[in-house]
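Accompanying notes for the structure given below.
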Amino acid sequence: EAMMDMDIRSKPLQPHWYERYLQPCVAELLGSTLFIFIGCLSVVEDAEGTGRLQPALAHGLALGLTIAILGGI
């Protein structure tokens, strides 16, 4: 019962500087690099009949993959 009467004040835990500043920048860099790299590679091949569908699908899948992997950061 004595434990219940004690006023325990704990400080809120601050995230480490790496998680706060560096990790989001690295995630943004990796995400943008993946998005641009996949998008550019989808246009390199000059196949007839693909039109605008191939680059659109490649960009969409690259964006979805980037969000799935790095969305938690």
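Worth a mention:
- Filter result for residue 22 (at pLDDT below 90 and loosely packed, with under 15 Cβ neighbours inside 10 Å): no
- Across segment 37-56, the qualifying residues are those that are open to solvent by 100 Å² or more (accessible area, probe 1.4 Å) and of a type in the set (A, V, I, L, M, F, W, C), and the one among them that is modelled with the highest pLDDT is 37.
- Lone qualifier among 73, 69 - being outside any helix (DSSP H, G or I), at negative phi, open to solvent by 60 Å² or more (accessible area, probe 1.4 Å) and not basic (Lys, Arg): 73
- Flag for residue 59 being open to solvent by less than 80 Å² (accessible area, probe 1.4 Å) and either touching a strand residue (DSSP E or B) at 6+ places or on another chain (Cβ under 7 Å) or modelled with pLDDT under 90 (or both): yes
The values are calculated or read from the model by the stated rules, or taken from the named source; none is laboratory data. Computed from a predicted model, the values in this text were never measured in an experiment. In this analysis, Cβ positions are derived from the backbone assuming ideal geometry, glycine residues included, and neighbour counts consider all displayed protein chains. These area figures cover heavy atoms from the full protein model, side chains too; ligands, DNA and RNA do not enter into them. Shrake-Rupley method; radii C 1.70, N 1.55, O 1.52, S 1.80 Å.
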